[in-house]
1. Kindly provide the helix-only [θ] at 222 nm of the chain, computed as the sum of -39,500 (n - 2.57) over DSSP H runs of four or more divided by all residues, to the nearest 500 deg cm²/dmol?
2. Within the set of other residues whose C-beta is less than 11 Å from the C-beta of Gly54, count the net charge using Lys and Arg as +1 and Asp and Glu as -1.
3. Let's see if you can work this out: charge +1 on each Lys and Arg Cβ, -1 on each Asp and Glu Cβ, no other charges. What is the dipole magnitude of the chain about its Cα centre, in debye to the nearest 20?
4. Probe radius 1.4 Å, ligands and nucleic acids ignored: give me the carbon and sulfur share of the accessible area of the chain as a rounded percent.
5. Restricting to Cα pairs below 8 Å that are 6+ residues apart, what does the relative contact order work out to for the chain? Please round to a whole percent.
6. Obtain the nm distance between the two label points defined at Ser55 and Met38 by a simple spin-label model: each point lies 7 Å from its Cα along the Cα-to-C-beta direction.
7. Just to check I understand the Karplus step: with θ = phi - 60° and J = 6.51 cos²θ - 1.76 cosθ + 1.60, what whole-Hz values come out for the range 29-45, glycine and proline as x?
8. Where in the range 19-50 does the label zone of Glu6 land, with the point 7 angstrom along Cα→C-beta and an amide N cut-off under 11 Å?
Amino acid sequence: MTVITESVITCPNCGHQAAEVMPTDACTYFYECTSCQMLLKPLAGDCCVFCSYGSAKCPPIQEQKSCCA
């Protein structure tokens, strides 16, 4: 299985999209939109902003491991 390490985050407030490299050993709990400056936080049930707003889930979830344990 190939792990995707880049994800496009889409801001739910303004729709701005930005390609970001995901860390493989840490969760990203907060992300500030570079367009509207809204602070994104994971949705209920998600471990990080990439799982909530990204085009790809975070690497630990892709590998079916526990994220941020």
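1. Working: 2 runs with 9 residues, N = 69.
Calculated at 222 nm, the ellipticity per residue is -2000 deg cm²/dmol.
2. With Lys, Arg at +1 and Asp, Glu at -1, the neighbours total -2.
3. 140 debye
4. Details: 2170 of 4260 Å².
Answer for the chain is 51 percent, counting heavy atoms of protein chains only.
5. Rounded, it is 34 percent for the chain.
6. 2.0 nm
7. So the J values, rounded to whole Hz, are 7, 10, 8, 9, 4, 6, 9, 9, 6, 5, 8, 8, 10, x, 6, 3, x.
8. Under 11 Å, as judged by backbone N against the label point of Glu6, lie 19-22 of the range 19-50.
The values are calculated or read from the model by the stated rules, or taken from the named source; none is laboratory data. Please read all numbers here as calculations on a predicted model, not as lab measurements. Because the Cβ atoms are built from the backbone with ideal geometry, glycine has one as well, and the counts that use them run over all protein chains shown. In case anyone asks, the SASA skips ligands and DNA or RNA and just uses the protein heavy atoms, side chains included. Shrake-Rupley method; radii C 1.70, N 1.55, O 1.52, S 1.80 Å.
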